[in-house]
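Read the figures in this text as sums done on the coordinates, not as results from a lab. Just so we're clear, the structure is a prediction, and the values are computed from it rather than from any experiment. Note that each Cβ is placed from the backbone with ideal geometry, even for glycine, and that neighbours are counted across all protein chains shown.
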Amino acid sequence: GITMGIDARSLSCQMRVNEDEYNSIEKKASALGLAISNYMRMVCLHANIDVSLQLGQPIAIADDTARSGQREKTCQTRVTEEEYSIIEGKAKMLGLNVSNYVRMVCLHANLVISLQSQQVRKETSDQ
């Protein structure tokens, strides 16, 4: 159905990728049991970025298109206005546009997933 209201994902974040990049992202998403769009949204919002550069300095994104093919595929995810603002802010801190940030994070994010059972959370909140 159509979702309306403040929390509606009315904006789009997208990136162009080549075949190798697409396959890599598809593999990462699949390993987590996620659709590519859900994987994109998750890593763009929650990835911790560890760089040894000062904030505000542009990061050189290797452009492998000559070696591994033109970026002819488009991947996109829908986001709320608040989510887009968060992603845009992270991109600006790294000196990137949103598309390059999304591609960099989707390709290079190392995910650490921490699961905590509902029972453990409940016990710790009762204390």
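Determine the gain in length on full extension of the stretch Ser24-Lys92; use 0.36 nm per residue of separation and subtract their C-alpha separation, reporting nm with one decimal.
Taking Ser24 through Lys92 to full extension adds about 22.0 nm, to one decimal.
Go through segment 21-29 residue by residue and turn each phi into a ³J(HN,Hα) via Karplus (6.51, -1.76, 1.60, θ = phi - 60°); whole Hz please, and just put x for glycine and proline.
Whole-Hz 3J(HN,Hα) from phi for segment 21-29: 5, 4, 4, 5, 5, 4, 5, 5, 5.
Short version: ³J(HN,Hα) in whole Hz for each residue of segment 94-110, in order, from phi by Karplus 6.51 cos²θ - 1.76 cosθ + 1.60 (θ = phi - 60°), x for Gly and Pro, what are they?
Couplings: 9, x, 10, 7, 4, 4, 5, 4, 4, 4, 4, 5, 5, 7, 10, 5, 9 Hz.
Which FRET efficiency, nearest 0.05, do Arg16 and Asn110 yield, Cβ-Cβ r, R0 22 Å?
Working from the Cβ atoms, E equals 0.45.
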